[in-house]
């Protein structure tokens, strides 16, 4: 069965049957602690394959037959379709003409497709509870959120938790109908007509070759409406839809607000979680100072631990949608942005800290090798770090293999916000990990400082509280179901 013929084949199947089989298999990979259960992936259809199936099913246009996937015969047909999706090779990723870029392309599409859905749900919940409830004299995120989405974030989060656990528990369809009615006032912000979904999707995936790795609007609109019926084909995405996707939608197309978010919310969140570690004697936010060339700003976050210094520049960067399609200009744009951010951190570490400003109350003569910097980005783009560092070196006119270039690569990191959260919430010693990475040249260009390491320590009490709150949300809902007559 050829991948390119699937749209024609899927027109033979009833729309409801396609949504039902997608939902059934999506349920199989759901997990309370993570968006998907990585342990189940080896024996189940992979989430990005199910997302591709659902996209093909919706975008095929009007169905002309009423076939389904019931019974053993129907299951075999579905497996053949899923095998065609799994075996499909993206022409750009596997093209001989692109051999020089194959590794870079592979990292981008597999990283963006596979890793975000394996992140810890409780870490993400903690992040967005902080962010969507943040307010100071310059921004009120609760007001911005409610103006955009018609309710408080807590209601969206409750809906996500209840749906997530309900599908995991295989609750009766009438329970799901009850949820749709109870949360109708916010589901209207998460639902889209099939025709409108296709109109949006066609703007980012222009042909079938982009379906497997391309961005899919299920992340923003998990509910699909068609012929006066509501479908939720991919329930494993619901927690993503009520957290990170809401932030994307809240700031989309508004550069001014996104800058305010980055300056006020993201920076303060980083200060907050770094202080949670109790590993630093001082953690400072940015401030303006006077230099010989006039007013300048420090980096966003500055922390001191004994005779070590850790400096952070935060960026509210998320991958552009075209990155998944491996658009050359988008890849280069991302490399350039990251490289410029690295350059700024390098200049602060080598030319400005102690020479133009000193943020800490205790005077320390830092050894150069004990000064670390990081660019923290909101979401990972999976651009290869060595490529970014070489670009940054070119901008700085640093020759490769010099001690200055080695310092750039060994002491400055590009980390996603999630990788920083892992270190904080799992109890890792941040400076210790920075030193280990500095001393191991083979790990200089790693995406994070932990690899697959998991802390033996229990997660922080703040995450335990989030877990308890999420379970209590479901307990309260079960009690509510009993009160209204469900057994």
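Tabulated data
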| item | result |
| --- | --- |
| Residues located in the stretch 385-406, provided they are in a helix (DSSP H, G or I), out of contact with any strand residue (DSSP E or B) (no Cβ under 9 Å at 6 or more places or on another chain) and either touching a residue at least 40 places away in the same chain (Cβ under 8 Å) or surrounded by fewer than 17 Cβ atoms within 10 Å (Cβ to Cβ) (or both) | 386, 387, 391, 394, 395, 396, 403, 404, 406 |
| Test result for residue 200, over 16 Å from residue 240 (Cα atoms), in a helix (DSSP H, G or I) and either touching a strand residue (DSSP E or B) at 6+ places or on another chain (Cβ under 9 Å) or not assigned by TED's automatic domain parsing to the domain that holds residue 28 (or both) | yes |
| Residue selected from the stretch 137-163 under the condition part of a loop (DSSP other than H, G, I, E, B) and touching a residue at least 40 places away in the same chain (Cβ under 8 Å), by the criterion nearest to residue 265 (Cα to Cα) | 139 |
| Flag if residue 320 is out of contact with any strand residue (DSSP E or B) (no Cβ under 8 Å at 6 or more places or on another chain), surrounded by fewer than 20 Cβ atoms within 10 Å (Cβ to Cβ) and closer than 19 Å to residue 215 by Cβ | yes |
| Residue tally, condition touching a residue at least 24 places away in the same chain (Cβ under 8 Å) and either surrounded by fewer than 19 Cβ atoms within 10 Å (Cβ to Cβ) or in contact with a strand residue (DSSP E or B) (Cβ under 8 Å, 6 or more places away or on another chain) (or both), over the stretch 223-257 | 15 |
| Residue that is farthest from residue 307 (Cα to Cα) [pool: residues in the stretch 266-285 that are without any contact (Cβ under 8 Å) to a residue 40 or more places away in the chain and out of contact with any helix residue (DSSP H, G or I) (no Cβ under 7 Å at 6 or more places or on another chain)] | 271 |
| Test: residue in the stretch 164-187 that is outside the structural domain of residue 284 (by TED's automatic domain parsing), in contact (Cβ under 8 Å) with a residue 24 or more places away in the chain, closer than 18 Å to residue 60 by Cβ and more than 19 Å from the chain's Cα centre (by Cα) | no |
| Cβ pairs under 7 Å, 6+ apart, first in the stretch 335-350 and in contact (Cβ under 8 Å) with a residue 60 or more places away in the chain, second surrounded by fewer than 19 Cβ atoms within 10 Å (Cβ to Cβ) and assigned to a helix (DSSP H, G or I) | 346/396 |
| Boolean, residue 337 is surrounded by fewer than 22 Cβ atoms within 10 Å (Cβ to Cβ), out of contact with any strand residue (DSSP E or B) (no Cβ under 6 Å at 6 or more places or on another chain), farther than 21 Å from residue 203 by Cα and not assigned by TED's automatic domain parsing to the domain that holds residue 404 | no |
| Matching entry among 191, 186 (being within 28 Å of residue 55 (Cβ to Cβ) and out of contact with any strand residue (DSSP E or B) (no Cβ under 8 Å at 6 or more places or on another chain)) | 186 |
| Residue in the stretch 258-309 that is modelled with the lowest pLDDT, counting only those that are loosely packed, with under 13 Cβ neighbours inside 10 Å and in contact with a strand residue (DSSP E or B) (Cβ under 9 Å, 6 or more places away or on another chain) | 291 |
| Flag if residue 421 is in contact with a helix residue (DSSP H, G or I) (Cβ under 9 Å, 6 or more places away or on another chain), exposed (fewer than 14 other Cβ atoms within 10 Å of the Cβ) and in contact (Cβ under 8 Å) with a residue 12 or more places away in the chain | no |
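Residue-by-condition table, conditions (1) more than 24 Å from residue 8 (Cβ to Cβ); (2) surrounded by fewer than 19 Cβ atoms within 10 Å (Cβ to Cβ); (3) at pLDDT below 90:
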| position | (1), (2), (3) |
| --- | --- |
| 29 | yes, no, yes |
| 32 | yes, yes, yes |
| 39 | yes, yes, yes |
| 43 | yes, yes, yes |
| 51 | no, no, no |
| 63 | no, yes, yes |
| 73 | no, yes, no |
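Results for (1) under 33 Å from the mean Cα position of the chain (by Cα); (2) at pLDDT 95 or above, shown as yes or no for each residue.
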{"site": "356", "(1), (2)": "no, no"}
{"site": "369", "(1), (2)": "yes, yes"}
{"site": "372", "(1), (2)": "yes, yes"}
{"site": "383", "(1), (2)": "yes, yes"}
{"site": "387", "(1), (2)": "yes, yes"}
{"site": "397", "(1), (2)": "no, yes"}
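The values are calculated or read from the model by the stated rules, or taken from the named source; none is laboratory data. Predicted model, so just to flag it, every value in this text is computed and none were measured. All Cβ positions, glycine included, derive from the backbone under ideal geometry; neighbour counts span all protein chains shown.
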